[in-house]
Each structure stands twice: as structure tokens, then as C-alpha cells.
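The values are calculated or read from the model by the stated rules, or taken from the named source; none is laboratory data. Everything numeric here is computed off the predicted structure, so don't read it as measured data. As a convention, Cβ positions derive from the backbone with ideal geometry for all residues, glycine included, and neighbour counts pool all protein chains shown. Ligands, DNA and RNA are stripped out before the accessible areas are found, and what is left, the full protein with its side chains, is counted by its heavy atoms. Shrake-Rupley method; radii C 1.70, N 1.55, O 1.52, S 1.80 Å.
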Amino acid sequence: MKELVEVIAKSLVDCPDEVVVTETEENDAVLVELKVAPSDMGKVIGRQGRIAKAIRTVVKAASSKSDKKVVVDILQ
């Protein structure tokens, strides 16, 4: 999931070098944290959070075969 979020985020932002994605696994969940440059936050979140919701939807669809729940968190 980390690679998927990283590819999507790097294609959206102006500074792809500053995209950092970390993945941590807990009992039955996987937490994917996305960090981008402050100037690119709007591009990743989108108007009314539409792009962030779309990223979460794509990740959820990709993880549907596994038993673990995947949570995408966008950090400042």
C-alpha cells in the first residue's frame, strides 16, 4: 500500500522529492501516513477533501483482498 500511495501523491504534487510515506502495521490494521510539502497540501487534499477521499477509496479497493484494514492519514 505504501508504494501505491507514494505513486499517487508524487503524481499530484509540484515537489515530488518531498513526499514521504510511512507504513506501520498493528494487530489488524495498517496505518499509511503521507507527508508532503506545505505548498502541496492543497493538491493532495483537494476541494472539500475530494482528492484525499479518492486516495483512500483507491487504497481501500486495493486492500480488499487482505484481511487488514488500511487507514490513510495525511500529516502536515
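A compact table of results
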quantity: Local electrostatic count, Ser64, Cβ distance below 15 Å [Lys/Arg +1, Asp/Glu -1]; calculated: +3
quantity: Apportionment of accessible area to carbon and sulfur, the chain, percent (1.4 Å); calculated: 51 percent
quantity: Per residue value of the accessible surface for the chain (all protein chains in place, 1.4 Å probe), Å²; calculated: 68 Å²
quantity: Estimated FRET transfer efficiency when R0 is 22 angstrom, pair Ala29-Ala52 (beta carbons, to 0.05); calculated: 0.75
quantity: 222 nm mean residue ellipticity, helices alone, for the chain (DSSP H n ≥ 4; -39,500 (n - 2.57); rounded to 500); calculated: -11000 deg cm²/dmol
quantity: The chain: relative contact order as a whole-number percent, Cα under 8 Å and 6+ apart; calculated: 34 percent
quantity: Rounded to 10°, Cα long-axis angle of helix 2-12 versus longest principal axis of the chain; calculated: 20 degrees
